[in-house]
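Everything on this sheet refers to the single structure shown next.
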Amino acid sequence: MAHDSRQIYIKNLEDIDRAAAEFLPLLEEHRIFAFYGGMGAGKTTFISAVCRQLGVEDNTGSPSFAIVNEYKIPHDSRLLYHFDFYRIKSIAEVYDIGYEDYFYSGQPCFIEWPELIEPLLPDETVSVHITVNDDLSRTLTITTNP
């Protein structure tokens, strides 16, 4: 099976809302998004920009301590789940929060630090790799499974 891959370029922080708007159509066909990138790459910042484009009014900071935050998408009454697995110590913790209830809810799930839970990611997970370029711009490489 071939994977579909595309890129979104973010010149600077002022450009992030345009990039988030370009990302939005992916939510029409996909639900699970795994965001890869080193510390400070901009995962939370980009997810917050996507949430703004969706009209989310909740505080969209990193759920580092809660592991998962739930945001209401006002125009269509969906929920969006934002995970940050940076602080988990074992896969058992992910089972304890009931990850399946979230991942298989049909609601959008944005996952930071997915490399720590990869065995649990559904096959249809969209990979979003954020690369920090030499000029501090960002390139998002988005790979979808057929």
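The values are calculated or read from the model by the stated rules, or taken from the named source; none is laboratory data. What you see is a predicted model; the values in this text were computed from it and never measured. Positions of Cβ are generated from backbone atoms using ideal geometry, with glycine treated the same way; all protein chains shown enter the neighbour counts.
Taking the conditions exactly as written (closer than 30 Å to Lys11 by Cβ and either among the small types (Gly, Ala, Ser) or at pLDDT below 90 (or both)), does Ser77 satisfy them or not? Before the answer, list the steps.
Numbers: closer than 30 Å to Lys11 by Cβ: no; either among the small types (Gly, Ala, Ser) or at pLDDT below 90 (or both): yes.
Criteria not met by Ser77.
Among (1) touching a helix residue (DSSP H, G or I) at 6+ places or on another chain (Cβ under 6 Å); (2) over 17 Å from Ile142 (Cβ atoms); (3) of a type outside the set (Gly, Ala, Ser), there is one condition Phe110 misses while meeting the rest; what is its number?
Against the list (1) touching a helix residue (DSSP H, G or I) at 6+ places or on another chain (Cβ under 6 Å); (2) over 17 Å from Ile142 (Cβ atoms); (3) of a type outside the set (Gly, Ala, Ser), Phe110 comes up short only on (2).
Out of everything in the stretch 1-56 that is over 17 Å from His129 (Cα atoms) and in contact with a Pro (Cβ under 7 Å, 6 or more places away or on another chain), what residue ends up being surrounded by the most Cβ atoms within 10 Å (Cβ to Cβ)?
The residue in question is Gly55.
Of the numbered conditions (1) under 25 Å from Pro119 (Cα atoms); (2) assigned to a loop (DSSP other than H, G, I, E, B); (3) touching a strand residue (DSSP E or B) at 6+ places or on another chain (Cβ under 9 Å); (4) not basic (Lys, Arg), Val56 fails exactly one; give the number of that condition.
Failed condition: (1).
Residues to consider are Ile142, Ile130, Ile88; find the one that is in contact with a Phe, Trp or Tyr (Cβ under 9 Å, 6 or more places away or on another chain), in a loop (DSSP other than H, G, I, E, B) and of a type in the set (A, V, I, L, M, F, W, C). Let's see the steps before the verdict.
On the way: Ile142 fails: in a loop (DSSP other than H, G, I, E, B); Ile130 fails: in a loop (DSSP other than H, G, I, E, B).
Step by step, each of Ile142, Ile130, Ile88 is checked, and only Ile88 is in contact with a Phe, Trp or Tyr (Cβ under 9 Å, 6 or more places away or on another chain), in a loop (DSSP other than H, G, I, E, B) and of a type in the set (A, V, I, L, M, F, W, C).
Could you tell me whether any residue of the stretch 85-95 is touching a residue at least 12 places away in the same chain (Cβ under 8 Å) and under 15 Å from the mean Cα position of the chain (by Cα)? Even if it seems obvious, please write down each step before you answer.
As a first pass, look at the stretch 85-95 and keep what is touching a residue at least 12 places away in the same chain (Cβ under 8 Å): 85-88, 91, 93-94.
The next check asks that each one be under 15 Å from the mean Cα position of the chain (by Cα); those that pass are 85-86.
Yes, that holds for at least one residue.
For residues that are in contact (Cβ under 8 Å) with a residue 60 or more places away in the chain and of a type in the set (S, T, N, Q), scanning just the stretch 96-133, find the one that is surrounded by the most Cβ atoms within 10 Å (Cβ to Cβ).
Within the stretch 96-133, the match that is surrounded by the most Cβ atoms within 10 Å (Cβ to Cβ) is Thr125.
Are any residues in the stretch 134-145 surrounded by 14 or more Cβ atoms within 10 Å (Cβ to Cβ) and closer than 14 Å to Met39 by Cα, and if so, which ones?
Passing the criteria: only Arg138.
Please go through the stretch 65-84 and pick out each residue that is acidic (Asp, Glu) and either under 16 Å from the mean Cα position of the chain (by Cα) or assigned to a strand (DSSP E or B) (or both). First the steps, then the outcome.
Just the residues of the stretch 65-84 that are acidic (Asp, Glu), to begin with: 70, 76, 84.
Hits for the stretch 65-84 are Glu70, Asp84.
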